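Okay, structure first, notes after.
The values are calculated or read from the model by the stated rules, or taken from the named source; none is laboratory data. What you see is a predicted model; the values in this text were computed from it and never measured. FYI the Cβ positions are ideal-geometry reconstructions off the backbone, even for glycines, and counts take in every protein chain you see.
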Amino acid sequence: MSDEQQEDDKRAIPPWVMTFADLMSLLMCFFVLLLSFSEMDAIRFQTIAHEMAQAFGVQRDVAATEPPMGTSPIFDQFSPGIPRPTPIDSVRQETSDERPQLRTFTSDDVAVEMRVEDLVQEQMEKSVEQLAEVLQEEIEQGVLQLEQEEKRIVIRIEERGSFPSGSADMTPAFGAMLDRIGRELVDTPGIITVEGHTDDVPIRTARFQSNWDLSAARASSVANAFLRNPAIEPVRLKVQGFAETRPRADNASAEGRALNRRVEIILDMSEPLAGFEARARQLIAEGREELIVDLEW
């Protein structure tokens with residue numbers, strides 16, 4: 001063999017290269033398949049692409065002179081309509097000659113309102129004093145309490161001396177006291193609500209299945225006592241039984257349970273006082289304040 005042939009054999013491709021090339025081709029196909037099966041994180045890809053565009057300065061505004069054509073395979077023939085101007089080229093504000101009347105409070109208005117509040121308070125105190133005079137003996141004995149809560153008068157009657165334990169039959173002394181209260185309520189306008197309350201000791205008798213029955217029955221007894229006076233209109237009366245749901249004191253002690261067993265007579269004077277306020281305000285505005293003393297409910 002000549003030297004030239006020996007040199008050509010040295011430059012020839014070794015036999016194992018074919019096997020290696022086949023192996024590389026198979027590996028490349030394998031990784032291509034793996035890549036095709038993988039899922040691309042579109043959000044992350046868009047974020048990276050945006051950052052790269054910012055880094056390389058690929059950002060610009062392209063003016064659009066024509067409406068964009070649809071690129072979806074479903075709407076490839078769709079093109080949006082060209083916007084046209086509306087018949088009204090400008091929006092104008094419409095005004096009228098009417099001027100709104102805005103009420104502003106002056107020092108005189110404030111003085112009038114303060115005077116009206118004082119008159120209402122005086123009227124409430126007068127009603128409370130009249131009831132306190134009628135019930136002075138019971139108040140001193142601690143049988144009941146008389147309180148004023150804004151435009152309401154609350155007469156809170158303890159169970160002691162009013163109802164026997166576990167009964168809705170009032171004592172004669174309690175009935176006589178209700179007669180006196182009823183005579184006073186005839187001339188005092190407002191809604192009369194009678195509320196019955198008990199402690200948390202359960203009760204179950206032939207007449208009362210629970211404290212709800214007992215509290216409602218006691219409130220009804222008081223309302224019936226008021227209705228013995230024909231001058232009290234039935235539409236003014238409301239009866240409510242709350243059982244042990246609204247305690248005044250802790251039921252853990254005997255003293256607390258005694259405070260919770262009670263009947264409350266609530267006289268709500270909000271509506272008649274509203275009319276009184278309106279009439280008093282009108283008289284003050286007309287300069288006839290001296291006539292307020294003759295105002296009736």
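Points worth noting:
- Meets criteria (under 23 Å from Gly175 (Cβ atoms), crowded, with 19+ Cβ neighbours inside 10 Å and at pLDDT 95 or above) for Ser220: no
- Among (1) of a type in the set (Val, Ile, Thr); (2) more than 22 Å from Arg160 (Cα to Cα); (3) more than 29 Å from the chain's Cα centre (by Cα), the one test that Val201 misses: (2)
- Residues (surrounded by fewer than 17 Cβ atoms within 10 Å (Cβ to Cβ) and of a type in the set (A, V, I, L, M, F, W, C)) located in segment 155-192: Ala173, Ala176, Val186, Ile191
- Condition met for Ala285 (buried (at least 17 other Cβ atoms within 10 Å of the Cβ), farther than 19 Å from His197 by Cα and at pLDDT below 95): no
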